[in-house]
Amino acid sequence: MPITRIGRVALAGLVVIVAVVSAWTAWNWKLLRPYHWQQVESPDATFNVSFPGSPKASTQNETDAIDGHQFVSNRLTASPAPRIGYAVSWWENPEQKDKPTGELFAHFRDCDGAVFKGKVATKELTVLGYPAIDIVTVNVEGTVVHNRVIRVGSRIYSLLVIDGTGRFAADKKNISKFFGSFSLH
């Protein structure tokens, strides 16, 4: 039986659809595959957190911009897919020890807005019995940054998820899993 003109058009359309879906899947494969979550203990054994991949640890000496005090900043980072990053930073800055929590959180909010050049939304909450703030920053390029800052006495923890894919939509399930996995010893 000969193929009609309508049949050829339908077949060509099907081939185009399969090609487009295949190309999109190949291009976005790293974003589509599930993350490989693993529980990680901090190098100083003060907390655990689950990362979507194997994090790399780093330590950096910092100087407080206000009074010049020196302090050490620590970080664990992982990038489970292109343009997506997860990080936990923690430090004890002598300058921040006596600063009111609201003032400290306002500094983080303002800093996130300036660094990521976007609109900022915040929500204060309590995490593990300690004051915390969730800061979400979205810029015009579609970068979405989620920063959960927790104050535990003189120590500050910052759990950060950066999605620079430009999709404007955050992966709420994995962000919640990351934030919810944080526990102190």
Task: Packing-based exposure ordering (other Cβ within 10 Å, fewest first) of Tyr35, Tyr157, Tyr130 - done: Tyr130, Tyr35, Tyr157
TODO: Would you pull out the residues with amide H under 5 Å of Ser181's amide H, same chain only if 5 or more places away, H placed 1.01 Å from N?
DONE: Ser50
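What's the magnitude of the charge dipole for the stretch 35-184 around its Cα centre, counting Lys and Arg as +1 and Asp and Glu as -1 at the beta-carbon? Answer in Debye, nearest 20. Show your work: numbers first, answer last.
On the way: 16 positive and 16 negative charges, 128 e Å.
Charge dipole of the stretch 35-184: 620 debye, to the nearest 20.
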Task: At least 18 Å along the helix axis (C-alpha) and Kyte average at least 0.0, DSSP helices within the chain - done: 5-27, 101-116
Open item on the list: Which aspartates and glutamates, if any, have their Cα less than 19 Å from the Cα of Lys173, not counting same-chain residues under 8 positions apart?
Closed with: Asp134, Asp163
TODO: Compute the FRET efficiency between Thr126 and Thr63 as 1/(1 + (r/R0)^6), taking r as their Cβ-Cβ distance and R0 = 45 Å, and round to the nearest 0.05.
DONE: 0.90
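Beyond 26 Å, what percent of the Cα pairs of the chain remain? Write down the numbers at each step before the final one.
Working: 7065 of 17020 pairs.
That fraction is 42 percent.
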Task: Computed FRET value (nearest 0.05) for Glu41 with Val20, which takes r as the C-beta separation and R₀ as 45 Å - done: 0.50
TODO: Rank by packing, highest mean first: peptides 2-13, 108-119, with packing defined as the count of other Cβ atoms within 10 Å averaged across residues.
DONE: 108-119, 2-13
Task: At R0 = 22 Å, FRET efficiency that the Cβ-Cβ distance of Ser73 and His107 yields, to 0.05 - done: 0.90
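None of the figures in this text is laboratory data; all of them are computed from the coordinates on show. What you see is a predicted model, and the numbers here were worked out from it, not measured in a lab. Quick reminder, even Gly has a Cβ in these numbers, built from the backbone with ideal geometry, and neighbours come from all protein chains shown.
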